[in-house]
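Handing you this structure, nothing more for now.
Any read-out appearing in this document is the output of simple, stated calculations on the displayed coordinates, not a laboratory observation. Every value quoted in this text rests on a predicted model; they were computed, and no experiment measured them. In this analysis, Cβ positions are derived from the backbone assuming ideal geometry, glycine residues included, and neighbour counts consider all displayed protein chains.
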Amino acid sequence: MTKKIALISGDGIGPEVTKQGMKVLEKLEEISDVDLEFEEFPFGAEHYLDTGELVTDEAKEELENFDAIYLGAVGDPRVKPGVLEHGILLDLRFSFDQYINLRPVKLLDSRFSPLKDKEPQDIDMMIVRENTEGLYAGVGGFLKEGTKDEVATQEMINTYKGVERVTRYAYEYAQKRNDEKKLTLCDKSNVLTYAHDLWQRVFEEVGANYKDVTMDHMLVDAITMKMVRNPEDFDTIVTCNMFGDIITDLGAEIQGGMGLAVSGNINPEGVSMFEPVHGSAPDIAGENIANPLAAILAAGMMVKELGWEEEGEKIETAVQRSLQNDYSTPDMGGNLNTDEVGDHICSILE
Ligand code: ATP
Ligand code: MG
C-alpha cells in the first residue's frame, strides 16, 4: 500500500541532504515493494522570512493525513536562535504527540568509533527516550528573582500515562528487536526518589506482560561508563527525557559521530517524523560537501518504521558498504561530494 510522506527539507544543508535521501528512496521503490508518495512543505527560514509563518494550523491538519514526515534540518543565522526550532520542530513534535524519541546507536565501521577496540557487533543498541515530559516540561520558576536569595526551580513532571506509554513501547521494541530481548531501564532512582520511583514501578508493572524480555536496571551514571567500556552489554535502553538527551549524544559519538546519527520522533498511533540529528550547518550550506549519510539512514529508519523492515535494512547495508570503501564526504575521510555519495548509495542498491 502506498504510504504518504511529507517532506520538510528545511534550511541550510537540509535540502541538500534530504535530496540524497529522496534519491535513495526512489531507487528503493524501483527495486522493491516500497511504495511512497511525497508532498513537499516549505517550512523553514525562507518561508518564515517571506510570510511570517512557521507551521500553520491548516498545514498541521493536512499533515494529519500523512504516514510520516521526513525532515532535513531547521535553523538559519538570519532568524533568532530558537524561533525555527521551537516553531517548527518542537511544534510538530508536540502537535503530533511524538512521545518517543528513537535513537539507534549502531557502529557501521570500526574506524569511526573513538573506542578503538570495538567492532561493529559490539556497538548495536536502541535508545528509547521519553520525548514530552520530565525535566523538559518547562515547569518551574524563580523565587526572589534577581536577589542574593534567589531560588530557581525546575520541576520534573512524570505522569503515569507518560511513563507507561513509553515503557510499553520499549518492551515491544525489545521483544521484536532481536533474540536477546533485553530492556535496560536507565534512571537515577537512588536520588530522584519520587520521579524515578514511579519509573521503576511502571517498569515492573508493564514488564509483567513481557515475560520473555529480560529486565535490566542501571543508574544513568553507571550507564555512561558502561557505554564506553562495555557497550556490547546493551540492547534496548528506555529512559526519561533528560537522560535520554545526554546518553543519545554519547551514543552518537561512540557509533561514529553526528554525521551518522539519526532520530525518529515516534507516535506509534499517529504521524512520526524522521531526521538526521545534525543541524542545518549554515557554514557549509550550498557547497555540495555536506555528508548526506545521516539523512539517508533516517530515510532507511522511516522505511523500516513504515513496515518495510528488510528494505530499510538494505539502505543501512548500502551506507555501511560505502563507508567501508571510503566513498564518503571529507568529514568521514572520503573525497566525494554530497551528490556523489547519494549516487553511490543508489548504485550499491541497484
Ligand atoms: P543546530 O542548532 O541546528 O543543531 P548546530 O550549530 O548545533 O546547529 P550543526 O548544524 O548540527 O550545528 O553542526 C555543527 C557543525 O558540524 C556544522 O557547522 C558543520 O560544520 C558540521 N556538520 C554538521 N552536519 C554536517 C554534515 N551533515 N556534513 C558535514 N558537516 C556537518
Ligand atoms: Mg546542535
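Using the Kyte-Doolittle scale, find the helices of the chain whose mean hydropathy is at least 1.0 and whose Cα atoms extend 15 Å or more along the helix's long axis, counting only whole DSSP H runs.
Long hydrophobic helices here: 293-305.
Relative contact order of the chain, please, whole-number percent, based on alpha carbon pairs below 8 angstrom and at least 6 residues apart.
That works out to 24 percent.
Right, something else. Any idea what Rg and Dmax come out to for the chain if you just take the C-alpha atoms, in Å?
20.3, 67
Whole angstrom only: what separates the Cα centroid of segment 145-213 from the Cα centroid of segment 1-37?
34
Can you compute the label reach from LYS176? Point 7 Å from Cα along the Cβ direction, backbone N cut-off under 18 Å, restricted to segment 228-249.
235-238
Longest segment of the chain with no trypsin sites (Lys or Arg not before Pro) in a DSSP loop having at most 15 other Cβ atoms within 10 Å?
212-350
Right, here's the next one. Divide by every residue of the chain the summed helix terms, -39500 (n - 2.57) for each DSSP H run of at least 4, and state the resulting mean residue ellipticity at 222 nm, rounded to the nearest 500 deg cm²/dmol.
-12000 deg cm²/dmol
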